[in-house]
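Participant: This is the structure, below, for whatever I ask next.
Values in this text are rule-based calculations from the coordinates and carry no lab data. The structure presented is a predicted model; accordingly, all values stated were derived computationally and were not measured. Cβ coordinates were reconstructed from backbone atoms using ideal geometry, including for glycine residues, and neighbour counts include every protein chain displayed.
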Amino acid sequence: MRHNLARVRELMPQSKVWAVVKANAYGHGIAKAFEGLQDTDGFALLDLSEAKVLREHGWQGPILLLEGLFTQADVFDALDLRCDCVVHDLHQVDWLETAIEAKSSSAAHEMTLYLKMNTGMNRLGFVPEAYREVYHRLHAAGYQVAHMTHFANADYVDRSPSVDEQVELFKQTIDGLSGQTSLSNSAAILWHHHIVTCDWVRPGIMLYGASPSGKFEDIEHAKLLPAMSLRSQVIAIQHLEAGEAVGYGSRYKTDVPIRIAVVACGYADGYPRHAPDGTPVWVAGASGLADGQICRMAGQVSMDMITIDITDMPHVEVGTEVELWGQYLPVDLVAQSAGTIGYELLCAIAPRVQRV
Ligand SMILES: Cc1ncc(COP(=O)(O)O)c(C=O)c1O
């Protein structure tokens, strides 16, 4: 994470960094992310409970709530925890105005509001026609207001709205208004850093070393390192004769005699149940993981186990180490095989998986 954050700074040297650690730091654990991302300028996340964990770990710097307030009462907790807030909806504007009347207007100065503009993503935020009025309301209530938008297609070259179109609309709309700006996610940092400038960038997935597009080939040369390695071991070996099958539904049938390793990791650990036969799994060589090789999934993923074809690896025995993804096997390759993206696999790691 430390290395990947340094990479963000290399690409966007003029910008401050909101390290995005929502969803338990994309499955890596808030406490671990706090350790690895000490050099960030601020942490961006979703839940007040995660903000509390960061404060308990001693983080004194800025924290941004990426979806802002969910209830009126959240304003007071956010103020207590010294959080900045995204504002994307009129309910939040009402709550923020009312809360400040109830508290004191000086409290408003302690919170920066990131006013979210909908420049084409059409998920959260105020359309440009409504944006300036909301900006003036929040300003009048005494808050510091920053400007923010989110890209829909920073990982595509041919989709509308393009990054250029969204940036243009954003710039036109905030023309003449004071306040800092925040635009780029990982995809924009990696692939549009020459054209998108802003005071604060908001990288998430690239801090964990996975691809914003979901394709490993897109980040192969981006000099990122995987932060998470999911590892387990072989707990049993099966010898199958030609014509036999393995696992639920007898999905994988063999025409020739093969050796199958049963690995202790299943969908209850967060491994994708829909991973098909052929999904890559890294299996240690005779002297460890570093001289390992890719083996292929053979049979349906179970709750606690997967089965892989190790016919070409005669040294494999009970206890042999296996990497499901991470240092030797990019999570994006597993995700691509399973028809999803690295984000989903990383976030889905189950609580029972031991973190070391
Ligand atoms: C508003 C906002 N900014 C930044 C990010 C980080 O995105 P990424 O992980 O693609 O860098 C997210 C993640 O979804 C987000 O919702």
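Participant: If one takes the longest principal axis of the Cα atoms in the chain, at what angle in degrees, from 0 to 90 and to the nearest 10, does the Cα axis of helix 2-11 lie?
Facilitator: The answer is roughly 50 degrees.
Participant: Shifting gears a bit: Tell me the angle of helix 163-174 to the major Cα principal axis of the chain, expressed in degrees between 0 and 90 and rounded to the nearest ten.
Facilitator: Between the helix axis and the principal axis of the chain, the angle is about 20 degrees.
Participant: Classify segment 230-347 as rounded, prolate or oblate, taking a ≥ b ≥ c as the square roots of the eigenvalues of its Cα gyration tensor: rounded when a/c is under 1.5, otherwise prolate if a/b is larger than b/c and oblate if not.
Facilitator: Numbers: a/c = 1.77, a/b = 1.18, b/c = 1.50.
Since a/c reaches 1.5 but b/c is at least a/b, the shape of segment 230-347 is classed as oblate.
Participant: Using amide H atoms built 1.01 Å from N in the peptide plane, name the residues 5+ places from Gln144, or on other chains, whose amide H lies under 5 Å from its own.
Facilitator: Answer set, sorted by chain and number: Met111, Leu113.
Participant: Let me ask something else about it. With an 8 Å cut-off on Cα pairs and a minimum separation of 6 or more residues, tell me the relative contact order of segment 2-216 in percent.
Facilitator: With pairs under 8 Å counted, the relative contact order is 20 percent.
Participant: About its Cα centre, what dipole magnitude does the chain give when the only charges are +1 on Lys and Arg Cβ and -1 on Asp and Glu Cβ, stated in debye to the nearest 20?
Facilitator: Numbers: 27 positive and 43 negative charges, 70 e Å.
Roughly 340 debye, rounded to the nearest 20.
Participant: While we're looking at this one, here's another question. So what are the ³J(HN,Hα) numbers for segment 269-278, from phi and the Karplus equation (6.51, -1.76, 1.60; θ = phi - 60°), rounded to whole Hz, Gly and Pro as x?
Facilitator: Going residue by residue, I get 9, x, 6, x, 5, 7, 4, x, 3, x Hz, with x marking Gly and Pro.
Participant: Report the per residue volume, in Å³, of the convex hull enclosing the C-alpha atoms of the chain. Spell out each step's value before the answer.
Facilitator: Numbers: hull volume 52.2 nm³, N = 356.
Per residue, the Cα convex hull of the chain comes to 147 Å³.
Participant: So what does the Cα-only Debye profile of segment 157-253 read at q = 0.11, 0.17, 0.19, 0.24 Å⁻¹, as log10 I(q)/I(0), no solvent term?
Facilitator: -0.57, -0.88, -0.99, -1.26
Participant: Then there's this: Around Arg273, which amide H atoms from residues at least 5 apart in sequence, or from another chain, sit under 5 Å from its own amide H, with H modelled in the peptide plane?
Facilitator: none
Participant: I would also like to ask the following. Rounded to the nearest 500, what is the 222 nm mean residue ellipticity of the chain from helices alone, with -39500 (n - 2.57) per DSSP H run of 4+ residues and division by all residues? Let's see the in-between values first.
Facilitator: Values: 12 runs with 100 residues, N = 356.
Here the helix-only value at 222 nm equals -7500 deg cm²/dmol.
Participant: Past 22 Å, Cα to Cα, is the threshold; run Lys16/Lys103; Lys171/Lys223; Lys22/Lys52 against it and keep the listed order.
Facilitator: On the way: Lys16/Lys103 31 Å; Lys171/Lys223 31 Å; Lys22/Lys52 13 Å.
Cα-Cα > 22 Å for Lys16/Lys103; Lys171/Lys223; rest within.
Participant: Shifting gears a bit: Could you work out how far the C-alpha centroid of segment 1-26 sits from that of segment 267-346, in angstrom?
Facilitator: Computed from Cα coordinates, the inter-centre distance equals 28 Å.
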